[in-house]
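The values are calculated or read from the model by the stated rules, or taken from the named source; none is laboratory data. Note that the structure is a prediction, hence the values are computed from the model and not measured. When we count neighbours, we look across all protein chains shown, and the Cβ atoms used for this are built from the backbone with ideal geometry, even at glycine.
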Amino acid sequence: MAKTNIYRSYTLAIFLEILAIILTIGANTDKKIFTLNSWNHIVSKAYTAIFKIQNYFYLKQENRQLIESNKKLLRKALNCRKLSDTIYNLIYADVIKNSVDNPNNLMVISAGANQGVQPGDAVVSVNGNAVGTVIAVSSNYSSVLSLLNKFTSLSVLHKKTNTLAELVWENISSPRFMNINNIPIYIPVHKGDTIVTSGYSQIFPKGLVVGTIYSFKRSKTSYAYEITVLLSEDFRRLQHVFVIKNRDKNEILNVIEKANKILSLNE
């Protein structure tokens, strides 16, 4: 389709150029010179239009290639092994609806049950940053609980010290910041420290970047820090995502369920 449009544009430009050449032959009068200049202007406009069309389709193609490249790199990073033996696979989707300024922000993506998406799957940006969790699916679409939601509670790690923490969204006035309120004050934290997913939830794999520490202070009510995290992903500009499929998720959940049943029987 893109090539067809470009070919049509070239055909139009060639046609206009031929007309300009015909008008050039024997151009002696002011009227012919005026006509020639007019057609040269039209041809110039045509070439400008061709350039814009080419640039649009080439950029779209380059963007798609970049997404595919990021997909391969992210798969390698998640699996840390040959791609022929993957635990994690990725499903590409476009973000077709997104909100960032409500207490309960949701997004809708263009992949659903037909593409293999299930409730509970993790959703990340094409840069590999955590952005949400699938909560409902139809045949070809899914609703995603954004990190920017008052019901979000994401298990994360302070990367430098490997300290477990909980990331929540309290700053509803801004879509760029989230909060951590349970890192003890004896843990050395600094502005710019990286916060990553812990991998303890069976949803997000370990080590996905969430953001960096923007500011911190000691809590007045507990022996912990009140930390503001600057998110790595700007949710206002989110257009494309990957859904992460964990091959072993159901097996892990079954083991946990069996363990809970054993514990309940012994109570």
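List of remarks:
- GLU257 meets the conditions (1) without any contact (Cβ under 8 Å) to a residue 12 or more places away in the chain; (2) part of a strand (DSSP E or B) in every case but one. The failed one is (2).
- For segment 166-185, a tally of residues being outside any loop (DSSP other than H, G, I, E, B) and among the β-branched types (Val, Ile, Thr) returns 2.
- Selected residue [assigned by TED's automatic domain parsing to the domain that holds LEU157, of a type in the set (Phe, Trp, Tyr), surrounded by 15 or more Cβ atoms within 10 Å (Cβ to Cβ) and touching a residue at least 60 places away in the same chain (Cβ under 8 Å)] from PHE242, PHE216: PHE242
- Every residue from segment 90-104 that is closer than 14 Å to ASP234 by Cβ and in a strand (DSSP E or B): VAL95, ASN98
- Test: THR152 is modelled with pLDDT of 95 or more and either aliphatic (A, V, I, L, M) or assigned by TED's automatic domain parsing to the domain that holds ILE227 (or both): no
- The one condition in (1) within 21 Å of LYS249 (Cα to Cα); (2) touching a Ser or Thr at 6+ places or on another chain (Cβ under 6 Å) that VAL124 fails to fulfil: (2)
- Residue match in segment 173-186 (condition: exposed (fewer than 15 other Cβ atoms within 10 Å of the Cβ) and under 22 Å from GLN239 (Cα atoms)): yes
- VAL255 being among the hydrophobic types (A, V, I, L, M, F, W, C) and crowded, with 20+ Cβ neighbours inside 10 Å: no
- Condition check for ILE195: touching a His at 6+ places or on another chain (Cβ under 9 Å), on the phi < 0 side of the Ramachandran plot and in a strand (DSSP E or B): yes
- When THR228, THR221 are checked against the criterion of being part of a loop (DSSP other than H, G, I, E, B) and more than 18 Å from ALA122 (Cα to Cα), a single residue qualifies: THR221.
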